[in-house]
1. Name the one entry in 211, 259, 236 that is under 21 Å from residue 304 (Cβ atoms), out of contact with any strand residue (DSSP E or B) (no Cβ under 8 Å at 6 or more places or on another chain) and assigned to a loop (DSSP other than H, G, I, E, B).
2. Within region 347-368, track down each residue that is without any contact (Cβ under 8 Å) to a residue 60 or more places away in the chain and touching a helix residue (DSSP H, G or I) at 6+ places or on another chain (Cβ under 9 Å).
3. Residue 361 fails exactly one of the following numbered conditions: (1) modelled with pLDDT under 85; (2) more than 20 Å from residue 209 (Cα to Cα); (3) surrounded by 14 or more Cβ atoms within 10 Å (Cβ to Cβ). What is the number of that condition?
4. Residues 340, 325, 406, 321: which one is assigned to a loop (DSSP other than H, G, I, E, B) and modelled with pLDDT of 85 or more?
5. Taking region 280-330 on its own, how many of its residues are touching a strand residue (DSSP E or B) at 6+ places or on another chain (Cβ under 8 Å) and in contact (Cβ under 8 Å) with a residue 60 or more places away in the chain?
6. Within region 369-393, count every residue that is assigned to a helix (DSSP H, G or I) and without any contact (Cβ under 8 Å) to a residue 60 or more places away in the chain.
7. On the given criteria, is residue 242 closer than 12 Å to residue 322 by Cα and modelled with pLDDT of 95 or more?
8. Of the residues that sit in region 345-359 and are outside any strand (DSSP E or B) and closer than 14 Å to residue 145 by Cα, which one is farthest from the chain's Cα centre (by Cα)?
């Protein structure tokens, strides 16, 4: 194993507290290999069919409608609900009922099945409200805009693929004779684009630490996942792929480095297997983009073009570039290598088609004064009083010592040892 990969794996193992009880043998029996168990390989597979399912439940019904017009109706159903952010979190209930109580006595079996499916499909506001109820996490207005744009771009990709018989989804949905009208397709595309959807979204999502970049992306992923499960569209662990430029950042959310995922360090020509690893990818997230150099970014562009489409930037993949250029720059990089520099190729800047700057302090709700101070530091407006306050909290001065115990993530032991060697100088 490469030393960088070994470091990332070690970080994950330490954070997740793996023990011997989590280990399994490579063989179930002396002559039975775990990897060749047919039940295990197919048990978790999600069929590529539009099956009606119970939203929030793993139990599937027998009803199945497998047409492109049906998918358009289901996507249209996800867009219902409040259009104003101010109404989003009004009257949050513990258990919102998404089922219908209307009578279906005079409806055909097909119409009844269609309406039953529509009531099980998650809507954009519903998922945001669900997360607020279950996790006590509410998106601010800018986060919700980012969430909508990512989710609608995902849905728009399904519409485009569903109308193209050369794609896996399109070839499946167009097996029947039922064809959607051009008006229906144009109408749903117009609605999705009005909510921020792009045929190829290349978004720069930025803001200071604690502003909620990861939260907005995670909830967008949650919506896309629940929609696919509800309608039976295939979802894999690479449909919505999280990457970061650094291994430590990637290990925080269980992702991989973009260098490894996109074969940036591979000099030989990409193989068929390499390209196949990207066949299910619909959304790519690249965190800590501020660490990327201009040369690395152009290498990424070239590799993704080799994988998918040579005529579009980054191969036509939707990419969410997340990070903060006011944090650390690439180590040893010259001005010509900085993505935001006018001396660079400006390829990244010319490709970006959406920018959202988050400015809330979700991480500092219990200490808003400290959050405001960090925000002033981020913007370069740190006051003299702010500097005095920071200097008053330097370890070793004013009899300050590092407490033996911390609340939050369990990294105290390692940090406590490191803190003893921290120099006690002031700003």
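1. Details: 211 fails: under 21 Å from residue 304 (Cβ atoms); 259 fails: assigned to a loop (DSSP other than H, G, I, E, B).
Exactly one of 211, 259, 236 is under 21 Å from residue 304 (Cβ atoms), out of contact with any strand residue (DSSP E or B) (no Cβ under 8 Å at 6 or more places or on another chain) and assigned to a loop (DSSP other than H, G, I, E, B), namely 236.
2. Pass one, region 347-368, residues without any contact (Cβ under 8 Å) to a residue 60 or more places away in the chain: 347-350, 365-368.
If the condition is that a residue be without any contact (Cβ under 8 Å) to a residue 60 or more places away in the chain and touching a helix residue (DSSP H, G or I) at 6+ places or on another chain (Cβ under 9 Å), then 347, 348, 350, 365 are the ones that fit.
3. Residue 361 satisfies every listed condition except (2).
4. Working: 340 fails: modelled with pLDDT of 85 or more; 406 fails: modelled with pLDDT of 85 or more; 321 fails: assigned to a loop (DSSP other than H, G, I, E, B).
On inspection, the qualifying residue turns out to be 325.
5. 16
6. The first filter runs over region 369-393 and keeps only residues assigned to a helix (DSSP H, G or I), leaving 369-378, 384-391.
Applying the additional criterion that residues be without any contact (Cβ under 8 Å) to a residue 60 or more places away in the chain yields 369-370, 372-373, 376-377, 384-391.
The number of residues fulfilling the criteria is 14.
7. Values: closer than 12 Å to residue 322 by Cα: yes; modelled with pLDDT of 95 or more: no.
No; evaluated as a whole, the condition is false for this residue.
8. Quick first cut of region 345-359, residues outside any strand (DSSP E or B) only: 345-353, 358-359.
Pick out the ones that are also closer than 14 Å to residue 145 by Cα and you get 358-359.
Details: 358: 16, 359: 19 Å.
Of everything passing the filter in region 345-359, 359 is farthest from the chain's Cα centre (by Cα).
The values are calculated or read from the model by the stated rules, or taken from the named source; none is laboratory data. Source: prediction; values computed, not measured. Counting neighbours? That spans all protein chains shown, and the Cβs are built from the backbone with ideal geometry, glycine included.
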